[in-house]
Each structure stands twice: as structure tokens, then as C-alpha cells.
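Read the structure below first, then the notes.
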Amino acid sequence: MNSFCELENVPVLNLDMISNLPENIIDTILVRLSLKDAVRTSILSSKWRFKWVTIPQLVFDKQCKPPQSTDKTLNTLKLVNIIDQVLLHHKGSIHKFRCSYYLHNCSDIDRWIIFLWRNEIKEFILDISGDEHYKVPSCLFLCREMSHLELYFCVFKPPSTFKGFCNLTTLDLQRVIITNNTLEWLISSCPVLERLILQNIDNITHLRIHAPNLRYSNLGGVFEVLCFENTSLLSTLIIDSHSAVTTSKYLEQGETCNLIKAHGSLHRLESLELCNYSLQVLALGDIPNRFPTTYDCLKKITLKINIANSKEISAALCLCKSSPKLQELVISVYSDAEATFGLVELVFWEAPEQLDCLFNYLKTVKMTEILGTTIDMKFIKLILTSAPVLETLYFQIAKNMVSEKLKIFEELLRFRRASPEAEIIYLS
């Protein structure tokens, strides 16, 4: 503990003037300090010796890590000793506990969680890595006051008696081992859940989300089907599908497309971001010209599109046509013609249903990785001719096409613009 509290050349007498501050001010000061610095205040004066032991937030991260060696076990033992000492001296409730560190074969976390459960923990973040996933103990599921839970590199298997976290507003699971049924049940058993983050969870390909109070969701993984049921308050949605679909799946016809299945109850969606292969996955099946209902609150759409794929372009246009209040559109273009099924033909753009797109509220467009092909230029032309209040079109050319910058820029300037105020700006 001594090494954790050492201060060098501190003018104690000059600092002692703050010892008579009101307790709530001192508490505010201590909470804003790193845990290491908060503990160091114990040597300022006799009045400060035990001020830190009641702070409700304990954060063990890089700022309080002990001197490192090449021995991973020794590093873990040093950190465990620090955490044990802090918990031993602590008094009162602990509302937040965060451990962000590499722990090598650490079996002490169970003890900490039992201690935290008894001290009314509300926010628990375990951001660890090691030789194997850490199995969350059953006592964590007894923390009924939990409002914020983040787990990394853990095994999540609640006991049969667990009824859910009735006060949980934030759930963040990354590289966690959990079954599909358990995950769906967990989400639906958190009735006030507002933020949901799921990243790199293996074997979760079909996910149904039932969360009536959900406002923000960031989903990353290998998804085949995403379905939102009773998520009418969701305003920000980010989907990052890491894997491309197979040929057989891509050629499925006659089924309701994933775009419709995912559409669900997203009536208050304000921002939608589809990364990597997400649009390709959502484009499986038959794509409608428009959704049955519209996204009347959707103001920003961010997409990554394989510009050589007619199904992805159709899916993108379907989203745009079904978002009458869209104000900002961000598109990253790429072309993977060899791995694409159903290449875009020029006649695709001549179809009346494709040109039936009016961006009445669109003000800002940003397109990156432009290849300068006939296909992506027609896409830009459609936007320019269909956006009467457009203010700025930003564009960036793919690195391998920089030599064509002037030619592409000149072509863009020749396109008719529905908005007389529209500017075209090149991003270097």
C-alpha cells in the first residue's frame, strides 16, 4: 500500500487550506481524480488520511497499474494486491467498480464480486483478457441494483433462479460466451434497458431484440437475421456484420428480405449506420421499392455499399425512399464484382421505380472511395437531381483512382443540380 500512496515534493502546508471544505465538495474532488491520486491524498494531512476510503467509484486501469515485469503472473499478483488493499480499507457503498487490465489466471475476481454485491454495486465493468474466458459467478446475478453492466472476455451463464436485472439501463457484452437463447432472454428481462452493445459474440447469427425502452444499440458480429420487436423508442442503431453472405443465401428469392425483418418497430429511429457487410446481409431476399411504413424520424443514414451489386443498391434506395425527412447521407463505396451475384446493369438505373426518389430534406452528402465508374457516378447524379435543398456534396476518390480526380470532378460539375445552393467539395 505504501508504494501506491507515495508522493514526492508535495507542499503539504500549502495544500492543507482545503481540508475545511464541505464534505460534498471534497467527495466531488476525489471522484474526479484517478483512484491512484485519490489514495495519495491520504498523506496531505491527518484530516485527509481516510477521506478516500468512502469514495463510491473504484476504477482500476492503466493509471493505477503497478510497475510491470515480463512475468505475467507477477503483474497480476501486484494488481490483485492493490485491489485487495483498497477494498479492505473501503467503507460505505460502492456504486461503480471498473477493472480494465490483463489478468493472468486470476481467481480473485469472485471475491471482489461478492464484496461488491454486499456494497450495493450499481455499475460493474470487467474489461479483462487472459488465457481463457472468465466465468461470471452466480453472485453477480444477485446484484439487483445493477444499472450498468459491461463484460469483456467472460462466460455469461446465469443460474436458473435469475429473473433479470430490473434496473439495468446499459448492457455491453464483448467477446463474451453466451447462447443465443440466453442472450435474447437476458435482453427481454431488462425492462428499462436503454443502451445495448454487443460485439464479437460467437455463434449469434439470428437475434431477436425485445426491449421497449431501448434508445441506442451497437451490434457487431456475424449476423444472418436481425429482428427488432417492440423497440419503438430506438433512436440510434449501428449494425456491423463482419462476414459476407454465401452464394446460395444471396440467391434466395421469394422470401421476405432481411431488410423488412429488421425493420420491425423502429419508428423513432434517427440515425442508422450499416458497416462492412451489413447492407449485403439485409439485402437477402426480395427487396421492396419502399417499406410498408416510413422512417419519419430518420435524419442520418451511413452505409457501406458494394456499388457493383444491384441488390445492395436497391436496399440502399429502399431505405432512402422510406426516410422522407433524411438530412444527412454518408456512403462508403467499394466494388467486389468477382464475389458479387447479380451485377448492376446500366438498365437498372433506367427503371422508373429506381428513379422515383426525392430527397426533400437532404442537406449534406458525403461519398468516399469513389471509383469513377458509370455506376457510382449515376448514383451521385440521382442524388444531385433529387435533392432540392442540398447544401454540400463531399466526395473522396479511392486511392487507386487519384490520377482520375480532375476528370471525375469535372463530370460531377456537369451534373444538373436540383438545389441551386449545392456545393461540391473534394476531400483529399
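The values are calculated or read from the model by the stated rules, or taken from the named source; none is laboratory data. Keep in mind it's a predicted model, so treat the numbers as computed, not measured. Every residue, glycine as well, gets a Cβ built from its backbone with ideal geometry; the counts of neighbours run over all protein chains shown.
Examine the range 98-109 for a residue that is assigned to a helix (DSSP H, G or I) and surrounded by 16 or more Cβ atoms within 10 Å (Cβ to Cβ), and state whether such a residue exists.
There is at least one residue in the range 98-109 that is assigned to a helix (DSSP H, G or I) and surrounded by 16 or more Cβ atoms within 10 Å (Cβ to Cβ).
What are the pairs, 6+ residues apart or on separate chains, where a residue within the range 379-399 that is free of Cβ contacts under 8 Å to residues at least 12 places away in the same chain has its Cβ under 9 Å from a residue that is outside any loop (DSSP other than H, G, I, E, B)?
From residues that are free of Cβ contacts under 8 Å to residues at least 12 places away in the same chain, the pairs are Lys399/Glu369.
Please verify whether Thr205 is out of contact with any strand residue (DSSP E or B) (no Cβ under 9 Å at 6 or more places or on another chain) and under 26 Å from Ala244 (Cβ atoms), treating the condition exactly as stated. Lay out the reasoning, then the answer.
On the way: out of contact with any strand residue (DSSP E or B) (no Cβ under 9 Å at 6 or more places or on another chain): no; under 26 Å from Ala244 (Cβ atoms): yes.
Criteria not met by Thr205.
Pull up the range 410-423, narrow it to residues that are assigned to a helix (DSSP H, G or I) and of a type in the set (A, V, I, L, M, F, W, C), then point me to the one that is nearest to Ile307 (Cα to Cα).
Here is the first cut: in the range 410-423, the residues assigned to a helix (DSSP H, G or I) are 410-414.
If we keep only those that are of a type in the set (A, V, I, L, M, F, W, C) too, we end up with 412-413.
On the way: Leu412: 17, Leu413: 21 Å.
The qualifying residue nearest to Ile307 (Cα to Cα) is Leu412.
Residue by residue, here is whether (1) buried (at least 19 other Cβ atoms within 10 Å of the Cβ); (2) assigned to a helix (DSSP H, G or I); (3) assigned by TED's automatic domain parsing to the domain that holds Ser217 holds:
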residue	(1), (2), (3)
Leu140	yes, yes, no
Arg144	no, no, no
Pro159	no, no, no
Cys190	yes, no, no
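Looking only at the range 116-128, count how many residues are crowded, with 18+ Cβ neighbours inside 10 Å and in a helix (DSSP H, G or I).
Matching residues across the range 116-128 total 2.
Would you say Cys275 is at pLDDT 85 or above and not in a strand (DSSP E or B)?
no
Which residues, taken from the range 42-57, are more than 20 Å from Phe97 (Cβ to Cβ) and either assigned by TED's automatic domain parsing to the domain that holds Phe115 or of a type in the set (Val, Ile, Thr) (or both)?
Within the range 42-57, Ile43 is the sole residue that qualifies.
Test of understanding: among Lys366, Lys381, Lys407, which residue is in the same structural domain as Leu274 (by TED's automatic domain parsing), modelled with pLDDT of 80 or more and not in a helix (DSSP H, G or I)?
Unique residue meeting the criteria: Lys366.
Within the range 197-207, track down each residue that is surrounded by 17 or more Cβ atoms within 10 Å (Cβ to Cβ) and assigned to a strand (DSSP E or B).
Correct list: Leu198, Leu207.
Would the range 295-307 turn up any residue that is farther than 25 Å from Glu369 by Cα, modelled with pLDDT of 80 or more and hydroxyl-bearing (Ser, Thr, Tyr)?
There is at least one residue in the range 295-307 that is farther than 25 Å from Glu369 by Cα, modelled with pLDDT of 80 or more and hydroxyl-bearing (Ser, Thr, Tyr).
Quick one: count up the residues across the range 230-267 that are at pLDDT 75 or above, in contact with a Gly (Cβ under 6 Å, 6 or more places away or on another chain) and surrounded by fewer than 17 Cβ atoms within 10 Å (Cβ to Cβ).
0
So Ile287 clears everything in (1) over 23 Å from Gln199 (Cα atoms); (2) of a type in the set (Val, Ile, Thr); (3) modelled with pLDDT of 80 or more except one condition, right? Which one?
Unmet for Ile287, out of (1) over 23 Å from Gln199 (Cα atoms); (2) of a type in the set (Val, Ile, Thr); (3) modelled with pLDDT of 80 or more: (3).
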